[in-house]
Amino acid sequence: MSAHTAPKRQDFPADFRWGVSTSSFQIEGAAREAGKGESIWDRFCSEPGRIRDGSNGDVACDHYHRFPQDLDLAKSLGVNAYRFSIAWPRILPNGRGAVNDAGLAFYDRLVDAMLARGLDPWATLYHWDLPQPLQDQGGWTSRDTVSAFLEYADVVTRRLGDRVKHWITHNEPWCSCMMGYWEGVHAPGGRNLADAMQACHHVLLSHGQAVPLIRTNSAGAKVGITLSLHPISAASDSAQDLAAARRHDGLRNRWFLDPLFGRGYPEDTLALLGDAAPTVQPGDLNDIAAPTDFLGVNYYFPEMVADDPAGSHGPMRAKLVERHGVERTGFGWEVSPQGLVDLLTRVQRDYSPAVIQLTENGSTFEDVLTPDGHVHDAERLSYLQRHLSALRRAMDAGVPVKGYFAWSLLDNFEWAEGYLRRFGIAYVDYATQRRILKDSGIWYGQFLRD
Ligand code: FCB
């Protein structure tokens, strides 16, 4: 780790958005309360062997009941924005059709509580908890799910659109589609690349078609989508590895960025996908390219790849290789603040979004609650500080970043890892549901209040 001076809030513009990021399934709990329907994550958790610690989201951080205290905690840090997601199955338990007013009423209270604390609500419509009844009809592989999403988006934005002025249609289509329908590690646990690509197309289409609808229902709102993006390098200077890096980048990054920025799907990636390429109807690409107000970027780690001539890791014929001697998080993810600079400058160079919002960035380590009641998470603190400094460098290089949201306010249900991975800047003692600000959270608060 190189010597590093802590960043200062004054280094950033006065109107910069400072936030924390969360998602419904990961924190809310109340899985069967107030008319909520089953989500694909409820179902996935009930299948043996899916979640590493055998846990589920039934209680999670019990945020559904404890949100006033959680928002107090966020406010105490000095953030001015709060990113959360809405659980579709609370609103439309069957995915479409009957609206559950109690679900809408919960988000009414949640949003009002944010506003009362001076927190600007940033709502994500889809952070992976699809209603199970839609999955029973094919989930995102079915084009009907696009119209169901529009129905849901319409109901939610009509109800909350007067108060919520920042909308994110989808969080990380890579994860919901590729990890959910191809790699089999996320709900619904599919293992078919063609399904994943079709799902991905429908997710992007639902995004693009929702943008004008959200604008109609939420006057003056800023609307965008959040992608998980990775800077990608080749394991060597060989022509083979360089070409593999380009192919991998095609599926990992360009597959999403190109159509969103009006270029359609990348030709090279389409050719490699062959039969697994999605069915695209006339007009779809035009819809996907609906102009947005910002691009949400979630940054966690860079990837290094080598040629994989046998294609045993998929049709991009690229395999991930571990860089040696680098710092890693508890997840094994490489820690690379410079990767954030590389990623953002690349996105800016190749796509020039008018505004970028860093909607997630964070790390997991083995946290220890010490007898004196503290969590001395020096590694997470250092991760946070160095990524903020990297963000400043990217901005100095001309990247129009307007906001940063730390992932996450609280330790929470980390998907297939259950509660084994703690990403919070506040520790959650799950036995008592007590929240304890970690050193990283204490520092973030000092930084913001400075
Ligand atoms: C991102 C997800 C978020 C969280 C972090 C660690 O991919 O958007 O829900 O799980 O990773």
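The values are calculated or read from the model by the stated rules, or taken from the named source; none is laboratory data. Quick caveat: nothing in here was measured; it's all calculated off a predicted structure. Counting neighbours? That spans all protein chains shown, and the Cβs are built from the backbone with ideal geometry, glycine included.
Being in a loop (DSSP other than H, G, I, E, B) and under 30 Å from residue 183 (Cα atoms) is the requirement here; does residue 405 meet it?
Here the answer is no, as residue 405 does not meet what is asked.
So residue 33 clears everything in (1) buried (at least 20 other Cβ atoms within 10 Å of the Cβ); (2) among the charged types (D, E, K, R); (3) touching a helix residue (DSSP H, G or I) at 6+ places or on another chain (Cβ under 9 Å) except one condition, right? Which one?
Every listed condition holds for residue 33 apart from (1).
Can you confirm whether residue 437 is more than 12 Å from the ligand (Cβ to nearest atom) and touching a Lys or Arg at 6+ places or on another chain (Cβ under 8 Å)?
no
Only one of 122, 128 is out of contact with any helix residue (DSSP H, G or I) (no Cβ under 9 Å at 6 or more places or on another chain) and either in contact (Cβ under 8 Å) with a residue 40 or more places away in the chain or in a helix (DSSP H, G or I) (or both); which?
On the way: 128 fails: out of contact with any helix residue (DSSP H, G or I) (no Cβ under 9 Å at 6 or more places or on another chain).
Result: 122 is the single residue among 122, 128 that is out of contact with any helix residue (DSSP H, G or I) (no Cβ under 9 Å at 6 or more places or on another chain) and either in contact (Cβ under 8 Å) with a residue 40 or more places away in the chain or in a helix (DSSP H, G or I) (or both).
Please work out which one of (1) in contact (Cβ under 8 Å) with a residue 60 or more places away in the chain; (2) in contact with a Ser or Thr (Cβ under 7 Å, 6 or more places away or on another chain); (3) among the hydrophobic types (A, V, I, L, M, F, W, C); (4) farther than 25 Å from residue 52 by Cα is the condition residue 134 fails and give its number.
All conditions are met except number (1).
Of everything in segment 419-434, what is within 15 Å of the ligand (Cβ to nearest atom) and either surrounded by fewer than 19 Cβ atoms within 10 Å (Cβ to Cβ) or not small (Gly, Ala, Ser) (or both)? Give them in sequence order.
419, 420, 421, 422, 423, 425, 428
Just one of the numbered conditions (1) within 14 Å of the ligand (Cβ to nearest atom); (2) closer than 16 Å to residue 96 by Cβ; (3) not aliphatic (A, V, I, L, M) is not true of residue 173; which one?
Of (1) within 14 Å of the ligand (Cβ to nearest atom); (2) closer than 16 Å to residue 96 by Cβ; (3) not aliphatic (A, V, I, L, M), only one is false for residue 173: (2).
Here are 174, 167: which of them is of a type outside the set (S, T, N, Q), in a helix (DSSP H, G or I) and at pLDDT 95 or above?
174
What residue, of 335, 368, 347, is in contact with an Asp or Glu (Cβ under 8 Å, 6 or more places away or on another chain) and of a type in the set (A, V, I, L, M, F, W, C)? Outline the logic, then answer.
Details: 368 fails: in contact with an Asp or Glu (Cβ under 8 Å, 6 or more places away or on another chain); 347 fails: in contact with an Asp or Glu (Cβ under 8 Å, 6 or more places away or on another chain).
Result of the check over 335, 368, 347: 335.
Restricting segment 197-230 to residues that are more than 17 Å from residue 168 (Cβ to Cβ) and aliphatic (A, V, I, L, M), which is nearest to the ligand (Cβ to nearest atom)?
Step by step, filter segment 197-230, then rank; the result is 199.
Taking residue 274 as the residue in question, decide whether it is among the small types (Gly, Ala, Ser) and out of contact with any strand residue (DSSP E or B) (no Cβ under 9 Å at 6 or more places or on another chain).
The answer is yes for residue 274.
If you check residue 197 against the conditions, is it without any contact (Cβ under 8 Å) to a residue 24 or more places away in the chain, not basic (Lys, Arg) and not in a loop (DSSP other than H, G, I, E, B)? Talk me through it step by step, then tell me what you get.
Details: without any contact (Cβ under 8 Å) to a residue 24 or more places away in the chain: no; not basic (Lys, Arg): yes; not in a loop (DSSP other than H, G, I, E, B): yes.
Here the answer is no, as residue 197 does not meet what is asked.
Are any residues in segment 18-59 free of Cβ contacts under 8 Å to residues at least 12 places away in the same chain and polar (S, T, N, Q), and if so, which ones? Working first, answer last.
Filtering segment 18-59 down to residues free of Cβ contacts under 8 Å to residues at least 12 places away in the same chain leaves 46, 48-49.
Within segment 18-59, 46 is the sole residue that qualifies.
Just to be sure I understand, how many residues within segment 384-418 are within 12 Å of the ligand (Cβ to nearest atom) and among the hydroxyl-bearing types (Ser, Thr, Tyr)?
1
Does residue 205 satisfy being within 19 Å of the chain's Cα centre (by Cα), at pLDDT 95 or above, part of a helix (DSSP H, G or I) and more than 20 Å from residue 315 (Cβ to Cβ)? Explain how you work it out, then say what you get.
On the way: within 19 Å of the chain's Cα centre (by Cα): yes; at pLDDT 95 or above: yes; part of a helix (DSSP H, G or I): yes; more than 20 Å from residue 315 (Cβ to Cβ): yes.
In short, yes.
Taking into account only those residues within segment 1-44 that are polar (S, T, N, Q) and within 16 Å of the ligand (Cβ to nearest atom), which is nearest to residue 104 (Cα to Cα)?
Only one residue tops the list, namely 24.
Looking at 87, 98, 102, 34, which one is under 21 Å from the mean Cα position of the chain (by Cα), among the aliphatic types (A, V, I, L, M), more than 30 Å from residue 398 (Cβ to Cβ) and at pLDDT 95 or above?
87
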